[in-house]
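Worksheet: the structure to be examined is printed underneath.
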Amino acid sequence: MSDTHQAVFLFDVDDTLLDNDRMKSDLGDYVAATFGDTARDELWALYEEQRDKHGYADFLGTLERFRLAHIEDPRVLSLANWVIDYPFVERLFPDALAAVRYVSEWGLPVILTDGDGVYQPHKLERAGLIAAFGGRVLNYVHKQKELDAVKRAFPAQHYVLVDDKLSVLDAVKRSWGGNVTTVFPRQGHYANDPEKLKGLPPADIEIARIGDLMMHDFGPICGPKEEINP
């Protein structure tokens, strides 16, 4: 991984390549159907507490706290299995992998995601993303704080960051300046929440969906096409 590429494309996962909002909706529906509507509200309250505590979506911690709160209910054992067995591959956005293959003509595709060290890799494996990216996965707690590590892992003359969080795009742009092109797919609740967007400058490129990457010519940004296996 020490070779310097002319370009590296860094892809976020949740609500960029994969419809995580849909997964959470399905999970909430399952909890409500199994334990009742109040339990669904309880689950998401625990989820927000865990995210505030750790700085990422701690599904495993959330499920463990929910289990302990319902320790006498035998049905709680099925909840973890439901999450582990979830068909994440069916939640990839349309043309997500085609878009990854498309940009690989100009640079090396790499996953750059936030999450824990167990659930997030499991999700990526179940979705087929580890294989699709040839194992090139960087998983941090706060990826925008690990930019030096990103550059050491995958050195490049130029980076293209694709992420549904405009705040992350802005943070990386302020750090890397002209060495990065930011791409903002307007997918998911973060990308369409006026409060989350307030006061942030626009990304270099804005697209409606991840598949729209295939409408862009990255030659002027990344240089001539490379021979890279996606």
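For the reader, a short list of remarks on this structure follows.
- Sites Arg51 and Glu105 - FRET efficiency at Förster radius 45 Å, r taken between beta-carbons, to 0.05: 0.80
- For the chain, leaving out every one of the GluC sites (Glu not before Pro) that falls in a DSSP loop and has at most 14 other Cβ atoms within 10 Å, the longest unbroken run is 73-225.
- Comparing Pro155, Pro194, Pro202 in a Gaussian network model of the chain (Cα springs below 10 Å), the most mobile by mean-square fluctuation is Pro194.
- Beta bridges assigned by DSSP with both partners in the chain are antiparallel in approximately 5 percent of cases.
- Top positive-direction residue, dipole computed over the chain with Cβ charges, set Leu138, Trp106, Leu60: Trp106
- The chain: calculated mean residue ellipticity at 222 nm from DSSP helix runs of at least 4, using -39500 (n - 2.57): -12000 deg cm²/dmol
- Pairwise centroid distance, computed over Cα atoms, of the range 1-25 with the range 196-224, Å: 14 Å
- Nearest-ten-degree value, helix 20-35 long axis tilted from longest Cα axis of the chain: 0 degrees
- Overall form of the range 20-88: rounded. Here a/c, set by the Cα gyration tensor axes a ≥ b ≥ c, is under 1.5.
- Taken along the Cα-to-beta-carbon direction at a fixed 7 Å, the label points for Gln6 and Ala153 span 2.5 nm.
- Using the Cβ of Asn20 as centre and a radius below 11 Å, the other residues enclosed give a net charge of -3, where K and R count +1 and D and E count -1.
- The range 20-88, relative contact order in percent, only Cα pairs under 8 angstrom and at least six apart counted: 24 percent
- On Cα atoms only, tilt of 59-69 relative to the major axis of the chain in degrees: 10 degrees
- Against the chain, whose longest principal axis comes from its Cα atoms, helix 37-54 is set at around 50 degrees.
All of the numbers you see were taken from the coordinates with simple rules; none came from a lab. This structure is a prediction, so every number in the text was calculated from the model and none was measured. A quick note on method: Cβ atoms are made from the backbone with ideal geometry, for glycine too, and the neighbour counts reach across all protein chains shown.
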